[in-house]
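Right, one structure below, let's go through it.
The values are calculated or read from the model by the stated rules, or taken from the named source; none is laboratory data. Everything numeric in this text was worked out from a predicted model, so none of it was measured. Note that each Cβ is placed from the backbone with ideal geometry, even for glycine, and that neighbours are counted across all protein chains shown.
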Amino acid sequence: MSLLHTPLDALHRELGAKMVPFAGYDMPVQYTAGIIKEHLHTRQAAGLFDVSHMGQVLIRGEGSAAMLESLVPVDVEALDIDQQTYALFTNDSGGVLDDLIITRWAQDEFFLVVNAGCKTGDIAHLRAHLSGQDLTVLEEQALLALQGPAAREVMGTLCPAAARLTFMHGCAAQVDGVDVYITCSGYTGEDGFEISVPAAAAEALARRLLAFEAVEPIGLGARDSLRLEAGLCLYGHELSTGIDPVQAGLVWSISKSRREGADRAGGFPGAEVIFRRMVDKPALCRVGLTVDGKRPVREGQAVLDESGRQVGEVCSACYGASVGGPIAMAYIERALGAAGTKLLVAVRDKQVPVTVTPMPFTPQRYFRG
């Protein structure tokens, strides 16, 4: 099957990107500077990411909030205009179909951003649960992310309204005469912005941003290492249909008003299963691991206790450039999940020592006002 391309495909190639298949798209994994330098540049200045492969969806019509609440364990009704929330599509067994961001644009209008690899299934899932609402896939919109400590100054130059945004809020605005929607969430742990822009104007906006000395293009490789350092989940690694929010350490994503015993408890798929697990606790839990030494570990490798018994498995791993060594996330037996626990990872014929470490590995620096 031929790969899809984002509106910035030609620009990526012009900038010397190494392109790889990802979620059905031809995407830049790194540019000429390399992953480590791109990672550190984002932490120190500002990185520009092309995330146009992700799905952008608009839900409109009376009852939109209630419809969404039938699919996610979030108090959607409580969102203010231009406020956003992290959410999970759950299934009947308590597992996760996808994680997404929901932003309220108006009383009965919601903007959703879903993962690229799940968007076909997510859109079908939403359509199957519509009860009179309209669903529009914003196929003519690109999505750029500007992340890092210099991002706010850069965006403030182009769009003063963006500089006033706080974490998990958005605004409709204009940049160089083009209508855009700007949000402030971020997948790197840094302050930053996501800009939904018409596809036809995406390259001009990207070039405008890259003209700032502080901004460099960043590929998927550094995006992954940045989010792992920030302790953030990636669907298909830390999240799946077989992993529930309790096991994943995402109980915070279940709004208090939707929890057992609350005034609007449940009503989302798998609610009773999830409530039971909140009390009984799943056998496994998600933890951070720092590697004692420089030898990297990899996704899928077994985690062992000190006697050599398998107690879990690595779900994501990378070199943490800001941390200065290899790091990982893993699902391990809950009894071993305390910070400081010494474990081993089976790397070919070696057993590499690791230590359970609190996440995030590097401090999150979201701007909350």
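List the pairs whose first member sits in region 241-266 and is without any contact (Cβ under 8 Å) to a residue 40 or more places away in the chain, whose second member is part of a loop (DSSP other than H, G, I, E, B) and buried (at least 20 other Cβ atoms within 10 Å of the Cβ), and whose Cβ atoms are under 7 Å apart, counting only residues at least 6 apart or on separate chains?
V251/P245
Report the residue count in region 71-97 for those that are more than 19 Å from C118 (Cα to Cα), of a type outside the set (V, I, T) and assigned to a loop (DSSP other than H, G, I, E, B).
4
Given region 151-200, what strands (runs of 3 or more DSSP E) lie entirely inside it while holding 1 or more residues that are within 24 Å of H39 (Cβ to Cβ) and modelled with pLDDT of 95 or more?
178-183, 192-198
Could you please find all residues in region 98-109 being in contact with a Lys or Arg (Cβ under 9 Å, 6 or more places away or on another chain) and either crowded, with 22+ Cβ neighbours inside 10 Å or part of a helix (DSSP H, G or I) (or both)? Step through it out loud before you land on a result.
Applying the first criterion (in contact with a Lys or Arg (Cβ under 9 Å, 6 or more places away or on another chain)) to region 98-109 yields 98, 105-106, 108-109.
Correct list: D98 only.
Got at least one residue in region 282-293 being charged (D, E, K, R) and more than 25 Å from A335 (Cβ to Cβ)?
no
Check E216, E190, E194 and return the single one that is of a type in the set (D, E, K, R), closer than 15 Å to V113 by Cβ, buried (at least 17 other Cβ atoms within 10 Å of the Cβ) and within 22 Å of the chain's Cα centre (by Cα).
E194
Can you tell me which of (1) within 27 Å of F22 (Cβ to Cβ); (2) free of Cβ contacts under 8 Å to residues at least 40 places away in the same chain is the one R276 doesn't meet?
(1)
Return the only residue of L126, L135 being in contact with a Lys or Arg (Cβ under 7 Å, 6 or more places away or on another chain), farther than 20 Å from L205 by Cβ and surrounded by fewer than 22 Cβ atoms within 10 Å (Cβ to Cβ).
Just one listed residue meets the conditions, L135.
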